1. Once label points are set 7 Å from the Cα along Cα→Cβ at both residue 5 and residue 50, what is their separation, rounded to one decimal in nm?
2. Gaussian network model of the chain, Cα springs within a sub-10 Å range: biggest mean-square fluctuation belongs to which of 183, 131, 116?
3. Give me the mean projected area, in nm² to one decimal, of the convex hull enclosing the Cα positions of region 114-207.
4. Compute the helix-to-body angle for 8-18: its Cα long axis versus the longest principal axis of the chain, expressed 0 to 90° and rounded to tens.
5. Run the simple label-point estimate for residue 177 and residue 126 please: 7 Å along Cα→C-beta, distance reported in nm.
6. Quick one: if the Förster radius is 22 Å, what FRET efficiency do residue 27 and residue 92 give, using the C-beta to C-beta distance and rounding to 0.05?
7. What list of whole percents do you get for P(r) of region 1-112, with Cα-Cα distances grouped in 10 Å bins up to the one holding the largest distance?
8. Any idea how far apart residue 162 and residue 41 come out in nm if each label point goes 7 Å out from Cα toward Cβ?
């Protein structure tokens with residue numbers, strides 16, 4: 001195992017994660033004292049925090065988790081054998097942080113009603129993006145679908161990730177369509193079914 005280290009790219013993505021404070025900072029005086037920071041599956045709020053914690057605390061926690069993840073993946077040279085996937089993982093945290101913080105602030109200002117639709121669309125886009133990169137991801141200990149079978153056999157790893165990439169991309173596209181044509185419940189069921197199906201397959205897959 002190689003020694004863990006932080007790269008310039010890690011620092012940049014950590015700063016981008018911290019920049020998710022900006023949407024809340026710009027309208028801080030207009031925000032209520034308590035802000036919804038957790039939502040149920042149907043998009044209704046079921047958890048609240050102070051606006052200071054919501055605007056500043058959450059990005060700080062996400063940035064700390066991001067740095068920890070960067071340190072862990074930096075210690076595995078095999079993860080770097082898939083540079084596109086390696087960099088994608090580092091970009092996901094700042095992207096997600098900015099979308100989540102912006103959504104949270106807009107909801108607090110009564111500028112956004114359907115939070116469930118936003119998060120369902122976000123999941124769909126994630127499935128499409130990650131699904132596109134999965135088949136290109138080589139066997140490693142941190143990035144990808146890691147089960148005893150995929151980690152012990154490179155052929156099983158490749159087989160699972162090719163199928164997962166296709167299934168997740170299709171599920172993401174169908175999920176996006178269903179979100180607007182049918183509703184978030186149907187979209188969520190389809191995408192969760194795809195996630196579960198791939199996980200089960202990864203646990204039993206053979207060469």
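1. 4.0
2. 183
3. Taking a quarter of the hull surface, the average projection is 5.6 nm².
4. With both axes taken from Cα atoms, the answer is about 30 degrees.
5. That separation, rounded to one decimal, is 2.3 nm.
6. E(calc), rounded to 0.05, equals 0.30.
7. 14, 40, 26, 16, 4
8. That separation, rounded to one decimal, is 3.4 nm.
Laboratory data are not the source of any read-out in this text; all were calculated from the coordinates shown. Please read these numbers as outputs of a predicted model, since none were measured by experiment. FYI the Cβ positions are ideal-geometry reconstructions off the backbone, even for glycines, and counts take in every protein chain you see.
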